[in-house]
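To start, the structure itself, in structure tokens.
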Amino acid sequence: MISSEKPHVLIVGAGFGGLYAAKALKDAPVQITVIDRRNHHLFQPLLYQVATAGLSPGDIAYPIRAVLGRQENVRVLLAEAVSVDLAARKVKLSDGEISYDYLILAPGVRHAYFGHSDWEQWAPGLKTLDDALEIRRRILLAFEKAEREPDEARRRGLLTFVIVGGGPTGVELAGAIAEISRRVMVRDFRAIDPREARVLLIEGGPRILSIYPEDLSAKAEEQLQRLGVEVWTGSLVTAVDASGVVVKGQKVPATTTLWAAGVEASPLARSLGIELDRAGRVNVQPDLTVPGHPDAFVIGDLAALQDKDGKPLPGVAPVAIQQGRHAARNILRASRGLPSEPFHYLDRGSLATIGRAAAVADFGWIKFSGFFAWLSWLFIHIFFLIGFRNRFIVMFEWAWAYFTYQRAARLITGNINGRPSAPGE
Ligand SMILES: Cc1cc2nc3c(=O)[nH]c(=O)nc-3n(C[C@H](O)[C@H](O)[C@H](O)COP(=O)(O)OP(=O)(O)OC[C@H]3O[C@@H](n4cnc5c(N)ncnc54)[C@H](O)[C@@H]3O)c2cc1C
């Protein structure tokens, strides 16, 4: 039961940051409200697997109520926050408001189109389950339409897949699309040969995976090329529409363009009325609080903070998890009258996967690539999945895909025109 004498901690967002903050306050003498506009916690690192038909949505999402159900000092509300009033200690919802004694703001970020929001309709990004299902629908429909397309040029357009942005998500998407076309769908069609699909990864900067050391970027590019992906670096996309993209003044006809370049902060940050960084994130104090508001914490992707060498902390799950736990610790300290402590990120390394059995790994003390990097990636991702059932099923799906070259979730949601299927359709 929630008692009204204890300090009320309001957590906005049950992603990695918010969920781990709530769990870290399990035995604390506080009452907690977790709000999220979705009823599930989503394991975003495996979204590309749903988008490319490797996993089903339920394998990587888990009801927030089920995760926190046994934690008696928490209530979970399905609600959308629209603004924060720091002075009045209130969060306005789309349908009401909630007061707090301590706030943990963790609504994350969304993909950004650098001022070209109209590109989104032609080049969806990947952040939610809906995004993943839409991308999957576009990829699978492109093959289906190509099978029926008599015109050679139009068929080539249908079988060209452009991925804009060579960060980990772009690399994962490109690798997975190349793999399903080269290995999984080979016997599925009669009029087309899916192996002829062109997969193009376009990166504006000088190399893909720019947060990794140069030799690992080069290894990743080599592994992608081995899978049949064309990698264009130093290539800015200047236009996107239904017929393809323009790169360096040259039109690339493509029916399917996917966006994996750049993010912008949740609009909730603007409502704080304080200075934000260029991506709209909150410049937090070293203890993760909003300047001038020791009772309001911002964590995860929405927080802008530098490490001890002055480098910005990356927008990755381990940062959000550690910050969630740290904010919880500082709230406990404050409730005991103790001063808050600065956050220090413990970087255990980064991994990015490329197709079925290759990856690059940078653990600081050791860097490697190939099959063993992929095995490390596999075990770490399964370990952090929420829910035993999900871990078991994902393990099984991967073993199945690995040995049979099958992708279990090759279903198109909605119908050919993109509408959700009517009952009985
Ligand atoms: C496709 C993809 C692949 C990734 N791969 C990796 C990877 O391999 N490794 C890695 O470490 N990181 C990866 N990341 C990054 C990682 O997922 C994020 O860094 C992490 O999720 C950030 O956690 P967070 O708690 O800040 O936000 P999120 O996990 O994004 O959670 C935000 C939550 O807030 C909710 N929310 C948002 N706005 C509101 C609102 N107004 N009201 C109520 N609720 C709201 C959302 O529904 C969501 O549940 C990936 C991200 C993406 C998109």
Cβ-Cβ below 8 Å, separation at least six or inter-chain, first residue in region 126-139 and closer than 19 Å to ARG37 by Cα, second of a type in the set (S, T, N, Q): which pairs? LEU126/THR169; LYS127/GLN44; LEU133/THR413
Considering only residues of region 323-358 that are touching a residue at least 60 places away in the same chain (Cβ under 8 Å) and within 21 Å of PRO213 (Cβ to Cβ), which is surrounded by the most Cβ atoms within 10 Å (Cβ to Cβ)? ILE354
Can you tell me which residue in region 150-179 is surrounded by the fewest Cβ atoms within 10 Å (Cβ to Cβ), limited to those that are over 22 Å from TRP119 (Cα atoms) and either among the basic types (Lys, Arg) or in contact (Cβ under 8 Å) with a residue 40 or more places away in the chain (or both)? ALA153
Being open to solvent by less than 50 Å² (accessible area, probe 1.4 Å), modelled with pLDDT of 95 or more and within 10 Å of the ligand (Cβ to nearest atom) is true for just one of LEU25, LEU86, LEU19. Which residue is that? LEU19
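Of all residues in region 90-112 being within 15 Å of the ligand (Cβ to nearest atom) and assigned to a loop (DSSP other than H, G, I, E, B), which is modelled with the lowest pLDDT? Quick ask: steps written out before the conclusion?
Taking region 90-112 and keeping what is within 15 Å of the ligand (Cβ to nearest atom), we get 90-98, 100, 103-112.
Filter again for assigned to a loop (DSSP other than H, G, I, E, B), leaving 94-95, 100, 106-108, 112.
Values: SER94: 97, ASP95: 96, TYR100: 98, ALA106: 98, PRO107: 98, GLY108: 97, ALA112: 90.
Only one residue tops the list, namely ALA112.
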Just to verify a result, which residue in region 1-34, among those that are in contact with a Lys or Arg (Cβ under 8 Å, 6 or more places away or on another chain) and part of a strand (DSSP E or B), is farthest from TRP377 (Cα to Cα)? GLN31
Tell me, please, whether a residue that is within 16 Å of the ligand (Cβ to nearest atom), closer than 30 Å to PHE371 by Cβ and in contact (Cβ under 8 Å) with a residue 12 or more places away in the chain can be found in region 225-237. no
If I filter region 142-154 for residues that are within 30 Å of ALA399 (Cβ to Cβ) and either of a type in the set (A, V, I, L, M, F, W, C) or within 25 Å of the chain's Cα centre (by Cα) (or both), do I get at least one hit? yes
From LEU78, LEU19, LEU46, grab the single residue that is within 17 Å of the chain's Cα centre (by Cα) and over 30 Å from ILE163 (Cα atoms). LEU19
Members of region 35-68 that are open to solvent by 20 Å² or more (accessible area, probe 1.4 Å), more than 10 Å from the ligand (Cβ to nearest atom) and in a helix (DSSP H, G or I): PRO57, GLY58, ARG65, ALA66, VAL67
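For region 282-310, which positions are open to solvent by 30 Å² or more (accessible area, probe 1.4 Å) and within 16 Å of the ligand (Cβ to nearest atom)? Explain how you work it out, then say what you get.
Step one: filter region 282-310 for residues open to solvent by 30 Å² or more (accessible area, probe 1.4 Å), giving 283, 285-286, 291-294, 301, 306-310.
ASN283, ASP301, ASP307 - these are the residues of region 282-310 that are open to solvent by 30 Å² or more (accessible area, probe 1.4 Å) and within 16 Å of the ligand (Cβ to nearest atom).
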Just one of the numbered conditions (1) over 21 Å from ARG389 (Cβ atoms); (2) open to solvent by 20 Å² or more (accessible area, probe 1.4 Å) is not true of TRP119; which one? (2)
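For ALA328, indicate whether it is away from the ligand (no atom under 16 Å from the Cβ) and either among the aliphatic types (A, V, I, L, M) or in contact with a Leu (Cβ under 6 Å, 6 or more places away or on another chain) (or both).
Values: away from the ligand (no atom under 16 Å from the Cβ): no; either among the aliphatic types (A, V, I, L, M) or in contact with a Leu (Cβ under 6 Å, 6 or more places away or on another chain) (or both): yes.
When the stated conditions are applied, ALA328 does not pass them.
The values are calculated or read from the model by the stated rules, or taken from the named source; none is laboratory data. All values derive from a computational prediction rather than experimental measurement. Glycine also receives a Cβ, built like all others from the backbone with ideal geometry; neighbour counts cover every protein chain displayed. Accessible surface is based on the protein model in full, side chains and every heavy atom, while ligands, DNA and RNA are left aside. Shrake-Rupley method; radii C 1.70, N 1.55, O 1.52, S 1.80 Å.
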